[in-house]
1. Be a star and scan the stretch 116-152 for residues whose amide nitrogen sits under 14 Å from the point 7 Å along the Cα-to-Cβ vector of Leu96.
2. Just to check I understand the Karplus step: with θ = phi - 60° and J = 6.51 cos²θ - 1.76 cosθ + 1.60, what whole-Hz values come out for the stretch 115-132, glycine and proline as x?
3. With θ set to phi - 60°, apply the Karplus curve 6.51 cos²θ - 1.76 cosθ + 1.60 along the stretch 89-100 and write out the HN-Hα couplings as whole Hz, x wherever there is a Gly or Pro.
4. Could you check the simple spin-label distance between Val70 and Leu120, using points 7 Å along Cα→Cβ, in nm with one decimal?
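Bear in mind that the values in this text are calculations on the coordinates, not laboratory data. None of the values given here were measured: they were computed from a predicted structure. Ideal geometry is used to build each Cβ from the backbone, glycine not excepted, and the neighbour counts take in all protein chains shown.
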Amino acid sequence: VAAIFINLSYLICTAFVDLSNILGNGIQDLFNGLVTDVGTAGPSGANVGVDVVVGLVGLIATGTLVVSVVMNPAILIGLLVAVLGVLISICFLFILLAMRQGAVVVLTVASPIAFALYILPNSKKIFDKWLKAGEGMLLLYPICGALVATIATASDNAKYFLNFIILPNPLSILI
């Protein structure tokens with residue numbers, strides 16, 4: 001049985017890689033489908049009172065932010081550190097996915113050897129290490145897909161929220 005797995009190892013690995021990629025893309029599409037029409041929504045005439053209250057809250061929040069930055073410019077340092085952290089995280093994500101791509105290729109090429117080691121006595125530990133590394137690399141893309149899709153969904157919701165708070169606000173030009 002294991003000899004058959006050696007011959008089919010490339011097909012088995014590519015099937016699992018394809019399954020991982022389909023799962024990652026499916027998770028992204030699931031989250032992207034949650035906010036398809038949010039950007040087209042706008043204020044309605046029936047909710048004028050709510051729009052006025054939201055606009056006033058936005059005006060107060062913008063005024064508080066402007067006064068805080070004027071009174072304490074050190075807040076900008078915190079903002080710059082946060083933006084730098086986000087940029088480093090994005091770069092790390094791209095590096096991680098590139099390393100995953102290379103590791104999946106190496107693990108797929110080594111799959112016949114790994115399946116042969118499964119047959120040989122006292123070498124099952126090496127096969128288990130290969131299998132664990134393969135599982136980790138294959139789960140990395142769906143996890144990153146879920147993370148990026150969650151951030152994109154939150155960003156779309158924030159844009160929808162900001163359309164009602166920042167855009168109607170006359171002080172938004174100062175930010």
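1. Label zone hits: 136-151.
2. 5, 5, 5, 5, 6, 5, x, 6, 10, 5, 5, 5, 4, 5, 5, 4, 5, 5
3. 5, 5, 4, 5, 4, 5, 5, 4, 5, 5, 5, 4
4. It works out to 7.5 nm between the two label points.
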